[in-house]
Amino acid sequence: MKSLLRSLLALAALGVLTGCQTVQTTGRGQVGVDRTQMMMVSAAEVEQASARQYSEVIAEARKQGVLNRNARQVQRVRGISSRLVAQVGAFRPDALRWSWEANVITSDQLNAWCMAGGKMAIYSGLIEQLKLTDDEIAAVLGHEIAHALREHARERVSRSMATGLGVSVVGALLGAGAVGQDLMSKVASVTFELPHSRLHETEADRIGVELAARAGYDPRAAVTLWDKMASRSAGAPPKWLSTHPGHADRQRDLAAASERVMPLYKAARR
Ligand SMILES: [Zn+2]
């Protein structure tokens with residue numbers, strides 16, 4: 001009986017820790033992203049791991065002298081990102097209170113990311129090599145911000161937990177320190193290494209286009225952005241592109257989504 005009780009208590013503890021939860025991270029918006037997500041780790045845990053991961057990346061970039069080197073470029077990126085961030089309430093009001101941050105990392109990589117909780121970076125190579133317009137930078141950042149709003153990192157970490165011995169289960173056995181480290185490396189790999197699924201990409205595309213339109217950036221720039229990306233990928237595809245869905249499908253979907261949000265864009269311009 002005692003051992004049964006102990007087992008039940010252990011199971012209850014695991015249930016609390018791994019607590020599988022179905023959530024709706026964002027509202028539908030005009031573009032109608034409407035999918036519930038299964039989460040096995042809390043938003044707070046992922047945010048904490050992301051914040052630690054982020055400070056390491058930023059500290060390393062600073063050490064290498066590649067953080068925010070071009071003041072005018074940084075100002076431009078931050079101006080665009082703050083206009084986009086001002087619109088996130090259309091999808092989730094709580095995100096208006098996140099500690100958003102935008103940085104430019106000097107690198108030839110064509111890359112950009114936004115972590116859980118709103119910490120983002122765009123690489124100078126993407127801006128300079130593709131000669132991005134403000135509307136196109138808004139398309140890039142809107143897409144990345146959308147990944148954060150939808151908590152795609154949390155969902156992907158949850159999925160990886162569902163397929164193996166969960167982080168929290170390991171943590172329950174080894175202590176809290178192990179959870180922190182394991183979760184941090186998982187967050188890093190879903191942010192910097194593993195490709196997003198096509199489903200996540202499509203959601204980020206649609207929400208990104210709407211954020212751009214609401215902020216007064218031409219949503220159709222997402223289409224020209226991806227044309228530029230594709231023309232660069234004749235040889236080895238840039239990392240950002242190789243992790244994203246097929247070009248023709250994406251362009252069709254982006255064109256339809258931007259058509260749908262044109263009234264928002266026109267209203268924002270007035
Ligand atoms: Zn993406």
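The values are calculated or read from the model by the stated rules, or taken from the named source; none is laboratory data. Note that the coordinates shown come from a computational prediction; the quantities given were computed from them, not determined experimentally. Please note: Cβ atoms are built from the backbone with ideal geometry, for glycine as well, and neighbour counts cover all protein chains shown. Quick note on the areas: whole protein, heavy atoms, side chains included, nothing else; ligands and nucleic acids left out. Shrake-Rupley method; radii C 1.70, N 1.55, O 1.52, S 1.80 Å.
When restricted to residues that are touching a residue at least 40 places away in the same chain (Cβ under 8 Å) and closer than 19 Å to ALA116 by Cβ, segment 24-41 contains 10.
Within segment 22-42, the set of residues being open to solvent by 30 Å² or more (accessible area, probe 1.4 Å) and either of a type in the set (Lys, Arg) or closer than 19 Å to VAL187 by Cα (or both) comprises ARG28, ARG35, MET38, MET40, SER42.
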